[in-house]
Amino acid sequence: RDVSIKEDTIAASVSIETQHGYAWPFMMTSTDAGNSWRVAPDTLGDFVKPALSDGTLHITLNADEYPEIAYWKSYDLGFTWSLKTILSTIDNHGSMISSIAASHNRVLATWRDSKYGCSSDLSCGIVVRNSDSGGDEWFDEENITGGYFGIPRDITIRENIVAVVWDAANNAGGIGTRIRTSFDEGAIWCPVYALAGANTGDPVVAITQNA
């Protein structure tokens, strides 16, 4: 599914298909750069993307009782979890396809939210919600697609730089892969940038020291 690495600690969200066709989600973690692994029990359901920061594991996924995005964190790499926090607005509009990134006390979550409009079943407005307290408290959500629609694919943060990438829908924004960046931990966003003329599948984004 996805993986997060923080120095020698690794968290990998995996799904194992059984002989009967069922896919069971697991959180596999390592604290020695992958030399040995632990498998956390399946307590929350289908893990999506993990994010590590300073010994804390963060995840987002759809809440069971709402079509909304929920957030959890764990201080023991997925063996026990905090109470959930609903990040998206509890309303009649569905929220799906989330991703999360973390660095120190900064945590950012993104998802597709249909209350900002949709051009298809999957392509809608994309929002980001930001926390500077390690996920304890959250600022208001922000629609970063500027009236265009898309499917969120990935979000990442390195120090003060944040990047979000998505597949754009065929509306006023055109089709293709789009990226938006911030150089102040998500307070102010640069304009949307088109990376390709056509959708490229499931793009991911990473930030290195120089690029």
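If you count, for each residue, the other Cβ atoms within 10 Å and average over each peptide, how do 157-163, 58-64, 202-208 line up from highest to lowest?
Values: 157-163: 17.6, 58-64: 21.0, 202-208: 12.9.
Descending mean neighbour count gives 58-64, 157-163, 202-208.
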Checklist outcome for this item: Within the chain, cysteines having no neighbouring cysteine beta carbon under 4.7 Å are C190
Checklist outcome for this item: Kirkwood radius from Cα pairs of segment 110-180 plugged into Stokes-Einstein at 25 °C, 0.890 mPa s, gives D in µm²/s equal to 196 µm²/s
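Which of the peptides 102-112, 77-87 is most tightly packed, and how do the rest follow, judged by the mean count of other Cβ atoms within 10 Å per residue? Display every interim value, and only then the final one.
Details: 102-112: 23.5, 77-87: 16.4.
With the highest mean Cβ count within 10 Å placed first, the list reads 102-112, 77-87.
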Checklist entry - Hey, rough spin-label estimate for N160 and Y66, points 7 angstrom out along Cα→Cβ, what's it come to in nanometres? => result 3.3 nm
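What FRET efficiency, computed as 1/(1 + (r/R0)^6) with R0 = 22 Å and r the Cβ-Cβ distance, is obtained for S133 and F79, rounded to the nearest 0.05? Write down the numbers at each step before the final one.
Numbers: r = 23 Å, r/R0 = 1.04.
With a Förster radius of 22 Å, E is 0.45.
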Next on the checklist: Output wanted: per-residue J couplings in Hz (rounded whole) for segment 145-152, from phi through Karplus 6.51 cos²θ - 1.76 cosθ + 1.60, θ = phi - 60°, x for Gly and Pro.
Outcome noted: 8, x, x, 8, 10, x, 10, x
Checklist entry - Using alpha carbon centroids, what distance separates segment 83-142 and segment 46-79, in Å? => result 13 Å
Next on the checklist: Taking the square root of 5 times each eigenvalue of the Cα gyration tensor, what semi-axes in Å does the equivalent ellipsoid of segment 27-138 have, largest first?
Outcome noted: 26, 15, 13
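Of all accessible surface on the chain at a 1.4 Å probe, what whole percent is carbon and sulfur?
Details: 5410 of 10530 Å².
Accessible surface attributable to carbon and sulfur in the chain totals 51 percent.
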Item to check | Amide N of segment 51-68 lying under 15 Å from the label point, which is placed 7 angstrom from the Cα of H104 along Cα→Cβ | outcome: 53-55
Next on the checklist: If I compute semi-axes √(5λ) of the Cα gyration tensor in Å from the structure I just sent, which labelled value in (1) 34, 25, 13; (2) 27, 20, 17; (3) 39, 25, 17 lines up?
Outcome noted: (2)
Item to check | Leading residue at positive end of dipole, the chain (Cβ point charges), from C124, A63, S74 | outcome: C124
Checklist entry - What is the Cα coordinate range of segment 83-122 on the first, second and third principal axes, sorted by size from largest, in whole angstrom? => result 36, 20, 13
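The values are calculated or read from the model by the stated rules, or taken from the named source; none is laboratory data. Here the structure is a predicted model, which means the values were calculated and not measured. In this analysis, Cβ positions are derived from the backbone assuming ideal geometry, glycine residues included, and neighbour counts consider all displayed protein chains. Remember, those area values only see protein heavy atoms, side chains included, never the ligands or the DNA or RNA. Shrake-Rupley method; radii C 1.70, N 1.55, O 1.52, S 1.80 Å.
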